[in-house]
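Accompanying notes for the structure given below.
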Amino acid sequence: MELATKKDTDLAEKLREVEKMLEKYKGQKGALLQVLQEAQKIVGYLPIEVQKLVAEALNVTLSEVYSTVTFYSFFNLKPRGKYQIRSCLGTACYVKGADKVLARLEQELGIKVGDTTDDLKFSLDACRCVGACGLAPVVIINDDVYGRMTPDKVPEILKNYE
Amino acid sequence: MEMVNLTIDGEKVQVPKGTTVLEAARKIGKKIPTLCFLKGINEIGACRMCVVEVKGARALQAACVYPVSEGMEVYTNTPAVREARKVTLELLLSDHNLECPTCVRNLNCELQKLAEELGIKSIRFTGEKHKAKYDDFSPSIVRDTSKCILCRRCVSTCHNVQGVGVISPNHRGFETMVAPVYDMSLAEVACVNCGQCILACPVGALKEKDDTDKVWQALQDPEKHVIVQIAPAVRVSLGEEFGLGRGAIVTKKIPAALRRLGFDRVFDTDFGADLTIMEEGHEFLERLEHGGKLPLITSCSPGWIKFCEHYYPEFLENLSTCKSPQQMFGAVAKTYYAQKMGIDPSKIFVVSIMPCTAKKYECQRPEMRSSGYQDVDAVLTTREIARMLKEAGINLAAMPDEEFDEPLGISTGAGAIFGATGGVMEAALRTVYEVVTGKELENIEFTGVRGVEGIKEAVVEINGMKIKVAVAHGLANARKLLDRVKNKEAEYHFIEIMACPGGCVGGGGQPILSADERFDVDYRAIRGNAIYEVDRKMPLRKSHENPAVQQLYKEFLGKPLSEKSHELLHTHYTPRPRYPEAE
């Protein structure tokens, strides 16, 4: 409950920031992409509340905003964690058992690929080749690279981000 | 005008600069196949069905968006062109729900027709199909994305023609789906149920919510007294479904057909329209004389009403409190008519045949139960009643002329013109003028409010007072007009707004024309002209002269705006959110 309330106050504050940012774009339909990028920088993701503000400010439909947000993989509809975990599923990693590493990550974090933990600490994504095939399978957490991963190493590594 | 010379398949053509290859080809009788193209509405060159070879161009070009230029050589029928079109079409078909014989658009489907015209005999590609959604939560419109070909004609219509914009292509690539935000149902977003998207759809991905079963059941039930009303615009469109040509007038064939289908009485919404004019005309005068909220805005179009509630709630007090003709009819049928005939209103089943999908929503509104029952039990579109008649083996075209039943089938030309844009305004002016002046109108045709122009204005002098009126049809035009009023750039006493372009003749429940036919034919204007012809041929052309309406006031309601009238014939409106709540 406490967490949820904190989340709401944070969002309310960030929405005010977004509104301020939007002032300089009022009525500029063509600024949609730029505005969404700036909004995501402020909030971290683009919930419907942000999309509504953008639609109102730029005088476009919410539907158009949502269509744009879901088109570009850069935009997130859901909050992202403080630590973004990317588990490589490229060919080399895959043949070396990356799927099992990913399954263990999902199990340890209690979330599925694409989701974020409730405490907003971790988000988990699968990605394609990161160019470190010699170290396969590879997991990247923010800027840290972990090579030669096994499912059993997962809990150990996550401890580094307590 | 600067002219451009080019050749198409070796044939010389001269067309104005700016013409597309598609238009130039049509000029010499060459039909280039199209699918995503809808003239004036969706010209985006997305589907690649219309590709042609242009000499010197790097790749095949989309004729629908490719402008002509001097000396251009175009080839529309080369092996490369034919193969490209076939591959594209087969790819579309490979991801399409091919339930053609049971599809509502069977034999009226542009995809099906193209497959036939391009000689597709098999589909070379097999593979995964996109994850589809069937959304039938809206009382008016059903979405079946298993049939969607992502042409975006509905999207352009919803955004640009109607200014509503609640559907878009969401996600990307193979996952792309035309849907409301967060893939919600149309029922959860600020859709106004106008059904213009259905008219734009080349396939069966958008259709009306089918209520024919409800009506078949009622017709079967010996306990039920089943009565039917037909809207003004249906009499100039239903014939189209039976091969009678665009805008054929079938007013007198309809009673014959509907009687043979089993309805106990066949009545006319034009009666309800005359009644609406009596109430709304007096409401206008009341507001004018006693400083009420002006401009008064008409309330017959349920798509417009819901639009106003979602997008322009600041105008709700301007809306006439009059129910629409359909709902006035229903309320009168289950009270006055029930009493007069000695029938228990719970046994009366009222069916409406409407050019409209939004009427399906309107009849379910909680305010529309002033008889103590749901005033109108089922609404069928023009398309649905055509299907029922065909199923019953009744050929409308071969029906004899018959009359509507009394008393709710008696009407005037003023009621009939409700079916065309400007008609409600004209009907109201005919009555208001005579009520105020006590004099007979010399010329009852107010042509200034007629026609296909998006926004029309006129000034009418009544007893020395200049009454300023405006008419808008198509909700994007309504937006323009309302914004003008809001920003005090224009001032009016009386405004008519219809959700659909052309008014009800262009309603979302009307027969569907292909993009090909719409290229050359302004079907709304044709049906609209037919409506005015209906009016011209009526012996009575002013609502206050309708003897059945006069009798209704004498025996039951008292006078316009009486307490009883307010109870049965008037309603109220609710502001609604523009956006859905967060997921």
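The values are calculated or read from the model by the stated rules, or taken from the named source; none is laboratory data. This one's a predicted model, so the numbers in the text were calculated from it and none came from an experiment. Don't worry about glycine lacking a Cβ; one is built from the backbone with ideal geometry, like all the others, and counts go over all protein chains shown. Heads up: the accessible areas ignore ligands, DNA and RNA and are worked out on the full protein's heavy atoms, side chains in. Shrake-Rupley method; radii C 1.70, N 1.55, O 1.52, S 1.80 Å.
Filter the trypsin sites (Lys or Arg not before Pro) in the range A:1-100 to those in DSSP coil with at most 13 other Cβ atoms within 10 Å of their Cβ, and list the result.
Details: sites: A:LYS6, A:LYS7, A:LYS14, A:ARG16, A:LYS20, A:LYS24, A:LYS26, A:LYS29, A:LYS41, A:LYS52, A:ARG80, A:LYS82, A:ARG86, A:LYS96, A:LYS100; in loops: A:LYS26, A:ARG80, A:LYS82, A:LYS96.
Loop-located and lightly packed - A:LYS26.
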### Query
Which order do B:HIS544, B:HIS96 take by accessible area at a 1.4 Å probe, largest first?
B:HIS544, B:HIS96
### Task
Give the distance, in whole Å, between the Cα centre of the range B:319-381 and the Cα centre of the range B:463-527.
25 Å
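Filter the trypsin sites (Lys or Arg not before Pro) in the range B:487-538 down to the DSSP loop ones having no more than 10 other Cβ atoms within 10 Å, then list what survives.
On the way: sites: B:LYS488, B:ARG518, B:ARG524, B:ARG527, B:ARG536, B:LYS537; in loops: B:LYS488, B:LYS537.
Sites meeting the loop and neighbour criteria: B:LYS488.
Between A:ASP125 and B:SER94, what is the FRET efficiency for a Förster distance of 30 Å, r being their Cβ-Cβ separation, to the nearest 0.05? Show your work: numbers first, answer last.
Values: r = 31 Å, r/R0 = 1.03.
According to the calculation, E is roughly 0.45.
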### Message
Tell me which trypsin sites (Lys or Arg not before Pro) from the range B:15-52 have a DSSP coil assignment and no more than 15 other beta carbons within 10 Å of their own.
### Response
B:LYS17, B:LYS31, B:LYS39
### Peptide-level mean, for A:55-68, of C-beta atoms on other protein chains within 10 Å
5
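Let a ≥ b ≥ c be the square roots of the eigenvalues of the Cα gyration tensor of the range A:1-99; is it rounded (a/c under 1.5), or, if not, prolate (a/b larger than b/c) or oblate? Provide the component values of the computation, followed by the final result.
On the way: a/c = 2.96, a/b = 1.57, b/c = 1.88.
Since a/c reaches 1.5 but b/c is at least a/b, the shape of the range A:1-99 is classed as oblate.
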#### Entry: All aspartates and glutamates inside 20 Å of B:LYS86 as judged from Cα atoms, apart from same-chain residues fewer than 8 positions distant
B:ASP9, B:GLU53, B:ASP95, B:GLU110, B:GLU116, B:GLU117, B:GLU128, B:ASP516
### Task
Using θ = phi - 60° and the Karplus relation 6.51 cos²θ - 1.76 cosθ + 1.60, list the HN-Hα couplings for the range B:177-184 in order, rounded to whole Hz, with x at every Gly or Pro.
9, 7, 7, x, 4, 6, 6, 6
## Note on the structure
With only helices counted (DSSP H, runs n ≥ 4, each -39500 (n - 2.57)), the per-residue ellipticity at 222 nm for chain B, to the nearest 500, works out to -8500 deg cm²/dmol
### Message
I'd like the residues of the range B:142-180 whose 1.4 Å-probe accessible area shrinks by no less than 50 Å² going from the isolated chain to the full set of protein chains.
### Response
B:HIS171, B:ARG172
### Task
Just the number, please: buried accessible area between B and A, total of both chains, 1.4 angstrom probe, nearest 100 square angstrom.
1500 Å²
### Per residue accessible area of the range B:97-213, 1.4 Å probe, in Å²
42 Å²
### Query
What size of dipole, in debye to the nearest 20, comes out for the protein assembly as shown about its Cα centre when the only charges are +1 on Lys and Arg C-beta atoms and -1 on Asp and Glu C-beta atoms?
1700 debye
### Query
Along the Cα-to-C-beta direction of A:ASN142, a point sits 7 Å from the Cα; which residues of the range A:104-121 have their amide N less than 13 Å from that point?
A:121
### Message
Give me a comma-separated list of calculated 3J(HN,Hα) values for the range A:46-56, in order, Karplus coefficients 6.51, -1.76, 1.60 applied at θ = phi - 60°, integers in Hz, x for any Gly or Pro.
### Response
10, x, 4, 4, 5, 4, 5, 4, 5, 4, 4
### Query
FRET efficiency for B:ALA397 and A:ARG16, Cβ-Cβ distance as r, R0 = 56 Å, nearest 0.05?
0.30
### Task
Using DSSP, restrict attention to beta bridges with both residues in chain A and report what percent are antiparallel, rounded to the nearest 5.
55 percent
#### Entry: Spin-label pair B:LYS347/B:ILE462, simplified geometry with 7 Å Cα→Cβ offset, distance in nm
4.3 nm
### Query
Which residues make up the longest stretch of chain A clear of chymotrypsin sites (Phe, Trp or Tyr not before Pro) that lie in a DSSP loop with no more than 13 other Cβ atoms within 10 Å, not counting the sites?
A:75-162
### Task
Could you calculate the contour length gain from B:GLU70 to B:GLU286, that is, 0.36 nm times the residue separation minus the distance between their Cα atoms, to one decimal place in nm?
71.4 nm
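What net charge do the residues around B:SER514 carry, taking every other residue with its C-beta under 9 Å from that of B:SER514, with Lys and Arg at +1 and Asp and Glu at -1?
Numbers: positive: B:LYS113, B:ARG518; negative: B:GLU110, B:ASP516, B:GLU517.
Taking every other residue near B:SER514 into account, the sum is -1.
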### Task
Please work out the C-alpha center-to-center distance from the range A:103-129 to the range B:164-184 and express it in whole Å.
26 Å
### Task
First check a/c for the range B:130-208, with a ≥ b ≥ c the square roots of the eigenvalues of its C-alpha gyration tensor; if it is under 1.5, answer rounded, and if not, answer prolate when a/b is larger than b/c or oblate otherwise.
rounded
### Query
Which of the lysines could be linked to A:LYS100 by a straight reach, that is with a Cα gap under 17 Å, when you skip same-chain ones fewer than 8 residues away?
A:LYS112, A:LYS153
### Task
Work out the length of the dipole vector of the range B:131-187 about its Cα centre, built from +1 on the beta-carbon of each Lys and Arg and -1 on the beta-carbon of each Asp and Glu, and round it to the nearest 20 debye.
200 debye
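Pairs B:LYS30/B:LYS55; B:LYS306/B:LYS468; B:LYS147/B:LYS207; B:LYS293/B:LYS486; B:LYS113/B:LYS207: which are spaced more than 22 Å apart, C-alpha to C-alpha?
On the way: B:LYS30/B:LYS55 18 Å; B:LYS306/B:LYS468 25 Å; B:LYS147/B:LYS207 11 Å; B:LYS293/B:LYS486 14 Å; B:LYS113/B:LYS207 18 Å.
As for pairs spanning more than 22 Å Cα to Cα, those are B:LYS306/B:LYS468.
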#### Entry: chain B, accessible surface, carbon-and-sulfur percent (1.4 angstrom probe)
50 percent
#### Entry: Percent carbon-and-sulfur accessible area, chain A, ignoring ligands, DNA and RNA, probe 1.4 Å
51 percent
